[in-house]
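Take a look at the structure below.
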Amino acid sequence: MQLEGQTVVVTGAAGDIGARFVRSLAAAGADVIAADVPAEAEAGAALARETGCAFVPADVTSDDDWAAVVARANGRVDALVNNAAIYRALGAKRPLTDLACEDWDTVLRVNVRGTWQGIKAVVPAMRAAGGGRIVNISSSTARMGVPGFAHYVASKAAVEGLTRAAARELGPDRITVNAVAPGLVSDAATRALNDDAYIAAAAGGRALAREMVPDDLVGAVLFLVSDAAGFMTGQTVVVDGGVVFA
């Protein structure tokens, strides 16, 4: 799945998963615009040096920052990977009755509203080009109802609903909108929130009984941003090693 001449925007690009997307897309020939919050500017600059991507400090909940991302792409966006989300910053798991409104609003603002703002920002460029690909990153927790992260689980379920609504609305513009729902990925963010026993138990519950790594998501994302997925839209692809069968 070669992507020469394609401009792809990846948000949340400085984290382990986002950086893996950037590396894979760049290796496939895409011109990658990598975006993450200004606090990750140093990591973003290092990623740009490594891959040749362009890094843009951007908050996905800012329309002005999204305008800067599209401008850095010279007004051309062939694909968007909406990967940015609050996860590591969730902290310790808490019952939903212990969550404050501020906790809820912060997670939904980034994970759902930020995803919508990204779609809204790139659609004009995609319409002008005659089509495009949008891939939203969800989570298998939306189907499993994992306790302790009710606000996160709700946000990812909303991302899947938004994916379906956007697919219906943007289909006439030849813009496909799909989602990828990872299982528990053994990266730095996961290890900050979960102990080794929890991660091992998650691995043992899979049909493919091993830890999941960021590389496991690359194939699905490359497929969905490529022409190979040109007649696929409104779908959520679960990549979790065989826990959720959807």
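For a modelled paramagnetic label at Met1, 7 Å from Cα along Cα-to-Cβ, the residues of region 146-180 in reach, with backbone nitrogen under 17 Å, are 175-180. Which one of Val243, Leu108, Phe21 has its Cα pushed farthest toward the positive end of the charge dipole of the chain, where Lys and Arg give +1 and Asp and Glu give -1 at the Cβ? Working it through, the farthest residue towards the positive pole turns out to be Val243. For the pair Ala27 and Ala89, label points projected 7 Å from Cα toward Cβ lie 3.0 nm apart.
Among Val107, Val146, Val37, the largest mean-square fluctuation in a Gaussian network model of the chain, built with springs joining Cα atoms closer than 10 Å, belongs to Val146. As I understand it, the value is the acute angle between the Cα axis of helix 63-72 and the longest principal axis of the Cα atoms of the chain; what does it come to in degrees, rounded to 10? With rounding to tens, the tilt is 50 degrees.
Computed from label points 7 Å out along Cα-Cβ, the spacing between Leu96 and Ala197 is 2.7 nm. In terms of its C-alpha gyration tensor, the chain comes out rounded, because the ratio a/c of the largest to the smallest axis stays below 1.5.
Show me the trypsin sites (Lys or Arg not before Pro) within region 1-84 that DSSP assigns to loop and that have at most 11 other Cβ atoms within 10 Å of their Cβ. Before the final figure, lay out the partial values.
Details: sites: Arg20, Arg23, Arg49, Arg72, Arg76; in loops: Arg76.
Here no trypsin sites (Lys or Arg not before Pro) fit, given the DSSP loop and packing criteria.
Calculated accessible area for region 163-246 comes out at 49 Å² per residue, all protein chains present (probe 1.4 Å; ligands, DNA, RNA ignored).
In terms of the Cα gyration tensor, with a ≥ b ≥ c the square roots of its eigenvalues, is region 148-243 rounded because a/c is under 1.5, prolate because a/b exceeds b/c, or oblate? Verdict is prolate for region 148-243. Relative contact order for the chain: 19 percent, from Cα pairs under 8 Å spaced at least 6 residues apart, divided by residue count.
For the options Ala100, Ala209, Ala26, a Gaussian network treatment of the chain with springs between C-alpha atoms closer than 10 Å singles out Ala100 as fluctuating the most. Dividing the summed helix terms, -39500 (n - 2.57) for each DSSP H run of n ≥ 4, by the number of residues in the chain produces a 222 nm estimate of -13000 deg cm²/dmol to the nearest 500.
Accessible area per residue for region 92-146, computed on protein heavy atoms with a 1.4 Å probe, is 48 Å².
Considering only Gly91, Gly114, Gly234, the mean-square fluctuation computed in a Gaussian network model of the chain, springs between alpha carbons under 10 angstrom, is largest for Gly91. Report the paramagnetic label zone for Ala129: residues of region 84-122 whose backbone N is under 17 Å from a point 7 Å from Cα along the Cα-to-Cβ axis. Under cut-off, by backbone N: 118-122.
Counting protein heavy atoms only, region 108-246 has 58 percent of its accessible area on carbon and sulfur, 1.4 angstrom probe.
The values are calculated or read from the model by the stated rules, or taken from the named source; none is laboratory data. These figures come from a predicted structure and were not determined experimentally. All Cβ positions, even for glycine, are placed from backbone atoms using ideal geometry, and neighbour counts span all protein chains on display. Only protein heavy atoms, including side chains, enter the accessible area calculation; ligands, DNA and RNA are left aside. Shrake-Rupley method; radii C 1.70, N 1.55, O 1.52, S 1.80 Å.
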